[in-house]
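Report on one structure; see the data block that follows.
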Amino acid sequence: MKITTFDTTLRDGTQGESVSFSVDDKLTIARKLDELGIDYIEGGWPGSNPKDKEFFARAKTELILKHAKLCAFGSTHFARYTVDTDPSIRALVDAQTPAISIFGKAWDFHVLRALNITLEENLRIIENTVGYLKRQGREVVYDAEHFFDGYTHNPEYALSTIRAAADAGADILCLCDTNGGTLPGRLFDIVCAVRNLLPGTLGIHAHNDSDVAVANTLAAVEAGCTHVQGCMNGYGERCGNANLISVVANLELKLGHSTLGAKGLRQLTGVGHFIADLANLPVRNDQPYIGKSAFAHKGGIHVSAVLKDSSTYEHVVPSLVGNQQRVLLSDMSGRGNVAFKLKEQGLDAKLSESQRRQLLDRIKHLEHEGYELEAAEGTFELMVREILTPGWNFFNLVFFDVTTKMGRSGGSLTVATVSLQAGDGLHTETAVGNGPVHALDLSLRQCLSGLYPEIASVRLADYKVRVIDSREGTNAKVRVLIEWHDQERTWVTVGVSENVIEASWKAMVDAIRLEMMRLADSPTRSVPSLSAAFPVSSV
């Protein structure tokens, strides 16, 4: 069955805490949702704020949608106005969108306490507003606000509100669990009751306050709804709206309905992350279907099974939603984890069985010490290369010294000195940096640049510090993760110590050593061979 999709990320989604889009962002997201195959895009409330007014004004000339219908959102007219004199209704019409979503009160409690009007007057307002918009030639999606609470307290009146909208010509009657407090079983029963009494297209708009918005949406479809509303990544006020990504994936892959089609499903991961980037909010690693951890495997028994047949621990094939399988390294790793990572990095043919056991033991030991190798694949690759070439290195540390001085003006000055034994002798360099890590990085590079000029292309891209056990206070171990990149790739290294500078140094040195090993292993590079390097020292 075809289920129409209605995305309200640009309206309801922006009511979520920390979610804010510029007008340019909203136009860009609307184009991306159109490419995805969404049927309706609710762009905002043109009568409520200047940003949404500008969005709809620019959309008239700048937004050319190939599939989706742009939808303006608003409320039924205010009681103090007639429908044709209400400024908010006029703003909806002036937005010139092919569809308009309009919400009205379905809960008698809200009618009497929030609107302070009679129940009969509310019915006339609903009918007048929907009828007026239909006479303007617009498709009307009627959102019955608080419908499930209203039905629970006064089913006859709740039903009369959506009958009023239907009689006035509403194209879609959308039942809203506005407070997000209805559970799937109860919601299913109510939708079934409505479906038995009213013809036409029913929709569902669920909020996630009870953590069942997606389940409620699926239950509503099972009960007869053929129109689903939600937000990308579950954005929205309070606990958010139904996550439309999970909704459409479940409808297509689990229930056999048609929403975006196979091509659209394969774009879900990319679109979800794209919108999250514009919102400046990270996608949760554990977000179903598109999260980084959605198809990640850590336990050794799980990995062993997945490598034989991914369906043993994956409910769908990751590529169907544009995601990919990942195998993590930790103290729970087994031989399968190591085999997967070696194959992933093109190193599987280089290690013997005994070397693989040695690598696994080393991984478990480091994880016990506080290392996090699942996020530091650069450190993992270095460990493999060190096992392949035991006892050799490109340089040894003699000492490093870091000093930070604070002036009366409040400014600081950081100076680092690094001394290495490398190549043709002792190399000592001093540098001034923006903090100890930057100063150490500069000093290390200056020591090595004459011998190994190609490491100049390695750049620090990101730096994270995590306290491993906060109960230890300032004596706690810290884990430093540093992301690096050169002209070809990106990798992460990790260092652990009670001293944040030492932990940073370990991660920094690992990154440089790894790059030098890669260069030495490449037939097109001129880095000295490992046979000319120094024995490894403990740093």
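The values are calculated or read from the model by the stated rules, or taken from the named source; none is laboratory data. This one's a predicted model, so the numbers in the text were calculated from it and none came from an experiment. For neighbour counting, all protein chains shown are included, and Cβ atoms are generated from backbone atoms with ideal geometry for every residue, glycine included. Accessible surface areas use protein heavy atoms only, side chains included; no ligands, DNA or RNA. Shrake-Rupley method; radii C 1.70, N 1.55, O 1.52, S 1.80 Å.
Here are a few things to note about the model shown:
- Region 393-493: GluC sites (Glu not before Pro) in DSSP coil with no more than 14 other Cβ atoms inside 10 Å: 488
- Cα→Cβ-extended label distance, 7 Å offset, between residue 463 and residue 255, nm: 5.0
- Nearest 10 degrees, 0 to 90: helix 268-279 Cα axis against the chain principal axis: 90
- Heavy-atom accessible area ranking, 1.4 Å probe, most first, across 45, 107: 45, 107
- Against the empirical curve 2.2 N^0.38 Å, the C-alpha radius of gyration of region 167-281 lands at a ratio of 1.08.
- Among the trypsin sites (Lys or Arg not before Pro) within region 428-520, those in coil by DSSP and having at most 11 neighbouring Cβ atoms inside 10 Å are 489.
- The magnitude of the dipole of the chain, with charges of +1 and -1 set on the Cβ of Lys/Arg and Asp/Glu and taken from the Cα centre, is near 580 debye.
- Only Cα sites of the chain enter the Debye sum here, all with the same form factor; the resulting log10 I(q)/I(0) across q = 0.09 1/Å is -0.80, listed in q order.
- Rounded to the nearest 20 debye, the dipole magnitude of region 128-223 is 380 debye, with +1 charges on Lys and Arg beta carbons, -1 on Asp and Glu beta carbons, and the Cα centre as origin.
- Reachable aspartates and glutamates from residue 105, criterion Cα separation under 18 angstrom, eight or more residues apart if same chain: 12, 86, 120, 121, 127, 143, 145, 149, 156, 167, 171, 177
- Using C-alpha pairs below 8 Å separated by at least 6 residues, the relative contact order for region 371-513 is 20 percent.
- Region 101-255 - share of DSSP beta bridges that are antiparallel (%, nearest 5): 5
- Share of pairwise Cα-Cα distances greater than 14 Å in region 217-259 is 45 percent (whole percent).
- The calculated 222 nm mean residue ellipticity attributable to helices in the chain amounts to -12000 deg cm²/dmol, summing -39500 (n - 2.57) over DSSP H runs of n ≥ 4 and dividing by all residues.
- Accessible surface of residue 69, taken over heavy atoms with a 1.4 Å probe and every protein chain present, rounds to 80 Å².
- Residue order for 103, 109, 400 - accessible surface, 1.4 angstrom probe, largest first: 109, 400, 103
- These residues, 509, 415, go from largest to smallest accessible area, 1.4 Å probe, as 415, 509.
- Region 46-123, accessible surface, carbon-and-sulfur percent (1.4 angstrom probe): 55
- Legend: P(r) of region 6-164 from all alpha carbon pair distances, 5 Å bins from 0, whole percents, reading 2, 9, 18, 20, 18, 15, 10, 6, 2, 0.
- Computed over the chain: relative contact order in percent, which uses C-alpha pairs under 8 Å that are six or more apart: 9
- In the context of the full set of protein chains, the chain has a per residue accessible area of 44 Å² (1.4 Å probe).
- Given charges at Cβ of Lys, Arg, Asp, Glu: the chain dipole, positive-most of 384, 240, 9: 384
- Residue 302 contributes an accessible area of around 80 Å² to the protein surface, as traced by a 1.4 Å probe with all chains present.
- Beta bridges by DSSP in the chain, antiparallel share as percent, to the nearest 5: 50
- Assuming charge only on the beta carbon of Lys and Arg (+1) and of Asp and Glu (-1), the dipole of region 77-183 about its Cα centre is about 220 debye to the nearest 20.
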